[in-house]
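Have a look at the structure below before the remarks.
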């Protein structure tokens, strides 16, 4: 498929439409509306092999794939705190870009932790079990996601973590106890998707004219290395770093063509980033004493599901459960739109993000999977390290 980069600009007006839709109180004009049915959430995850108690806290950094509400109260077009987002989450919409739980929600449960609160909402002793700093539209580069106005780039997420450290020091028995707790905690980092979707591939950004695919991956991972080192210097020792999935196969990209095929051009574009991240992890493990970084191969996890969807009960791979237009990906999930009823059978919830079902599958693979899913060790093994 010949992929037309200029057509990716549709992502911005889609989110703008959501905001205007909310501001003017319009509901149901774009779709036929039937009475929404709120379903109780399914069991979070099978905890038979989780909850070993080795991890005092989980700190989360990333973008909309794992944001759980940090964009709710900022001036941003990147929000998901409206129905039908959260239709399968106990309590309804929270700001998660999903029908229910995210991948890190599942990982937290497997670690025996509560759901990690958004930094914007964490209060009191909650911060002792971890904080989620992820922000929709955020990237490794500070300019990434600028079309969405408000977002919290990775550098600012790290600053917010440093603020949390100051809070924790007064709650956890002093600096020594805090340092020990942070060193045993897990740091989950999932960045980079927006640096492509909402930077490199956006026609109003100059990036594509300045760098080829390899040069851009080099730029990103050089900055990424510095940012992860900063977290290490703040006491982090156990790091989970997620690679990028096959972004040429998400409904938003599929909707740009007419043949229903993934954009191999986009898939090939992100390959150097994943390769560089793997090399970065090896270098950090060698150069930062006492650290342990592991890599989650998100692309492989999704390819495994796509290769044998029936094994996982998935029937629909190429369209969002909630969205409008070709592949339900030309306009992402709008307020009060009626989503598909069989959400557990869909790979994608909206134009960009997986369903809760897929998020929890990936959480289990990350936690207890083999070396094709997580390496050099999985999250369960990382958590047990002293």
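Each value in this text was obtained by applying a stated rule to the coordinates, not by laboratory testing. Treat the numbers as computed from the prediction; the structure is a model and nothing was measured. A quick note on method: Cβ atoms are made from the backbone with ideal geometry, for glycine too, and the neighbour counts reach across all protein chains shown.
Does the range 264-307 come out rounded, prolate or oblate by the C-alpha gyration tensor, with a ≥ b ≥ c the root eigenvalues, rounded set by a/c under 1.5 and, if not, prolate when a/b is larger than b/c and oblate if not? It comes out oblate by the Cα gyration axes. Expressed as a rounded percentage, what relative contact order does the range 305-346 have, with Cα pairs under 8 Å and six or more residues apart? Reported as a whole number, the value is 37 percent. Look at where the Cα atoms of the range 89-105 and of the range 163-231 average out, and the two centres are 23 Å apart. Given in Å, the Rg to one decimal and the Dmax to the nearest whole number for the Cα atoms of the range 38-384 are 18.8, 60. Footprinting exposure proxy ranking of 195, 318, fewest other C-beta atoms within 10 angstrom first, gives 318, 195.
Counting other Cβ atoms within 10 Å as a rough exposure proxy, the listed residues 294, 361 run 294, 361 from fewest neighbours to most.
Each Cα pair under 8 Å and six or more residues apart adds its sequence gap; the mean of these over the residue count of the range 91-233 is a relative contact order of 20 percent. As a rough footprinting exposure proxy, the listed residues 120, 282 were ranked by other beta carbons within 10 Å of their own, and the order from fewest upward is 282, 120. Here, the range 290-386 is characterised by an Rg to Rh ratio of 1.09, where Rg is the alpha-carbon radius of gyration and Rh the Kirkwood radius. Note on residue 73 and residue 258: their simple-model spin labels are 4.9 nm apart, each label 7 Å out from Cα toward Cβ.
Shown is the FRET efficiency for residue 125 and residue 311, computed with R0 = 35 Å from the Cβ-Cβ distance and rounded to the nearest 0.05: 0.25.
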